[in-house]
DNA sequence: TCCATATGTGACCAAATGGTCACATATTAC
DNA sequence: GTAATATGTGACCATTTGGTCACATATGGA
């Protein structure tokens, strides 16, 4: 049911540092060292984050000599939207209304 | 920068069991005991998941006597889409093309 | 060649996570 | 009142997570 292969992507996106890395990569590919300069944590922490993003296919890696260029791959984000988030669209407004109705009619039994 | 208050929601959505709980609540509110019957894990595990979902405001709780009715609140999902995911829309197709161009022109220096 | 640069690996650690259970509380039914 | 039902609390535990570091490897430039 949830085995759509997007588990690693969901997991990768749960961390704010990783979401910020993706935000940086939106403006174009960057080397690992370049990315590290934008964060307070160590290079090793960023490398671990990049590894998690790479396994989730949210980052594609191109090696050029001694540099590692990290590219954003937005496809898994699109899939998360299509396969899960879009299914909640009709509830965005409805969910609050349904709660309101139910609370107001505590004695009713419709449903 | 990432302090839009949606951190707990991102975190809550990273777990497949919790996403499945929300999927079940899409069809209408349910009591905790009713939800537990749909899962293999213990009632306590589900209660912890519900607590995390409640803190993330993805589940709203209405207490009726000894029952606890869990309601889906899709608003944080909408906000995650609006404030983060929608910003990647233009990259869904472009990201793969950009990578392709860059790899093909390894010697070029445009950018 | 020799050195600075850029990235990779493995060990290690504290804290968070997801799970269990025993037990307590509160409400409905008889 | 008493018993069954529904949920809540706290302790506990194994694993994962996010972080550190020392050290190794690989590449480009003088």
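Coordinate-derived values only; no laboratory data. Note that the coordinates shown come from a computational prediction; the quantities given were computed from them, not determined experimentally. Cβ coordinates were reconstructed from backbone atoms using ideal geometry, including for glycine residues, and neighbour counts include every protein chain displayed.
Overview of values
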item	result
Average partner coverage of A:15-25, which counts Cβ from other chains inside 10 Å	3
Using a 7 Å Cα-to-Cβ projection, residue B:63 label spacings across copies, nm, ascending	5.9
Peptide A:71-83, shielding by other chains (average Cβ, 10 Å cutoff)	5
By average C-beta atoms within 10 angstrom, highest first, the peptides B:76-84, A:61-69	B:76-84, A:61-69
Label point 7 Å beyond Cα along the C-beta direction, distances from residue A:44 to other copies (nm, shortest first)	3.5
Full-stretch length increase - residue A:67, residue A:79 - with 0.36 nm per residue and alpha-carbon distance subtracted	1.3 nm
Size of the range A:17-90 as Cα extents on the principal axes (Å, biggest first)	47, 25, 21
Point-to-point label distance, residue B:92-residue B:43, nm (Cα→Cβ direction, 7 Å offset)	4.3 nm
Whole-number percent relative contact order across the range B:1-64, with pairs defined as alpha carbons under 8 Å at least 6 apart	40 percent
